[in-house]
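Novice: One structure, as structure tokens, below. Some questions next.
Only the coordinates and a few stated rules stand behind these numbers; no lab work does. Computed from a predicted model, the values in this text were never measured in an experiment. Glycine gets a Cβ as well: all are built from the backbone with ideal geometry, and neighbour counts include every protein chain shown.
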Amino acid sequence: MIAEETKLKGCFIIEPKIFEDERGYFFESFNQNTFKRLIGQNINFVQDNESFSSKGVLRGLHYQRGEHAQAKLVRVIKGRVLDVAVDIRKESSTYRQQISVELTGENKKQLFIPRGFAHGFIVLSDTAIFSYKCDNFYNKESESGIIFNDKDLNIDWVLNEPEFLVSEKDLLLPTFKEAII
């Protein structure tokens with residue numbers, strides 16, 4: 001496994017070592033000791049989540065506030081998504097900056113998103129299975145988000161907006177300037 005820190009401090013792209021032969025493939029998707037060594041932090045993941053979505057589904061930008069903030073390790077099991085992380089840590093030198101990474105079932109890349117980031121993704125393939133580990137339990141009262149089409153963030157979601165499938169809840173999210181961070 002190798003890890004490369006992105007331009008956002010503490011946010012890493014992780015690539016596993018994949019063993020392939022005529023039978024298929026094998027790779028270690030997570031190893032606590034290796035992960036700790038690669039990112040230099042001891043993260044204790046306590047919850048795994050998985051979603052199935054069709055092309056154009058845009059989920060995000062979501063985050064948990066305060067003591068319920070979550071670090072996430074995300075990956076795509078099947079399909080292709082554009083994954084987006086936005087640094088919302090006011091004290092950070094990369095505050096309000098973002099990265100986009102294409103995660104696929106083929107490239108098996110993972111993205112580690114530390115606490116203090118808003119996160120979202122859009123499905124680029126016909127369907128996708130998206131999986132993520134969280135280091136804190138979900139807390140409804142602490143959930144928050146930023147509208148996906150915030151003009152100040154100006155995220156390039158790759159697809160055209162008429163193709164997006166966004167939940168009613170996500171359509172009501174505030175702008176970055178209005179969000180409670």
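Novice: Do you know the relative contact order of the chain, to the nearest whole percent, from alpha carbon pairs under 8 angstrom that are 6+ apart?
Specialist: With pairs under 8 Å counted, the relative contact order is 28 percent.
Novice: Regarding the chain, what's the average projected area of the Cα-atom convex hull, expressed in nm²? Write down the numbers at each step before the final one.
Specialist: Numbers: hull surface 42.4 nm².
Its average projected convex-hull area is 10.6 nm².
Novice: Taking a 27 Å limit on the Cα-Cα distance, which of the listed pairs Lys108/Lys169; Lys72/Lys151; Lys109/Lys169; Lys55/Lys177 fall beyond it?
Specialist: Values: Lys108/Lys169 30 Å; Lys72/Lys151 25 Å; Lys109/Lys169 29 Å; Lys55/Lys177 29 Å.
Pairs exceeding 27 Å: Lys108/Lys169; Lys109/Lys169; Lys55/Lys177.
Novice: Evaluate the range 1-59: find the radius of gyration of its Cα atoms, find its Kirkwood radius, and give the ratio Rg to Rh.
Specialist: Values: Rg = 14.8 Å, Rh = 14.2 Å.
Rg/Rh for the range 1-59 comes to 1.04.
Novice: I would also like to ask the following. Within straight cross-link reach of Lys78, meaning Cα distance under 13 Å, which aspartates and glutamates are found once same-chain residues fewer than 8 apart are removed?
Specialist: Here the aspartates and glutamates satisfying the reach criterion relative to Lys78 are Glu50, Glu102, Glu106, Asp126.
Novice: Let me check against my output: what whole-number percent is the relative contact order of the range 1-60, with C-alpha pairs under 8 Å and at least 6 apart? Walk me through the numbers before you get to the answer.
Specialist: Details: 41 pairs, mean separation 13.2, N = 60.
Contact order relative to length: 22 percent.
Novice: In whole angstrom, how far apart do the alpha carbon centroids of the range 63-120 and the range 143-174 sit?
Specialist: Rounded to whole Å, the Cα centres lie 15 Å apart.
Novice: Show that you can apply the helix-only estimate: for the chain, add -39,500 (n - 2.57) for every DSSP H stretch of four or more residues, divide by all residues, and state [θ] at 222 nm to the nearest 500. If you can, show how the numbers build up before the last one.
Specialist: Details: 2 runs with 12 residues, N = 181.
That comes out to -1500 deg cm²/dmol.
Novice: Suppose we take every Cα in the range 88-181 and form the convex hull; what volume per residue is that in Å³?
Specialist: Values: hull volume 12.6 nm³, N = 94.
It is 135 Å³ per residue.
Novice: Based on the Kirkwood radius over alpha-carbon pairs, what value in µm²/s does the Stokes-Einstein equation return for the translational diffusion coefficient of the range 105-149 at 20 °C and 1.002 mPa s?
Specialist: Working: Rh = 13.3 Å.
So the translational diffusion coefficient is about 161 µm²/s.
Novice: Go ahead and run the numbers for FRET between Lys7 and Ile181, Cβ-Cβ distance against an R0 of 25 Å, rounding to 0.05.
Specialist: On the way: r = 20 Å, r/R0 = 0.80.
Between Lys7 and Ile181 the formula returns 0.80.
Novice: If we count GluC sites (Glu not before Pro) as exposed when they sit in a DSSP loop and have at most 13 other beta carbons within 10 Å, what is the longest stretch of the chain that avoids them all? Please report the intermediate quantities before stating the final value.
Specialist: Numbers: sites that count: Glu22, Glu28, Glu91, Glu106, Glu178.
Longest site-free region, per DSSP loop and neighbour criteria: 107-177.
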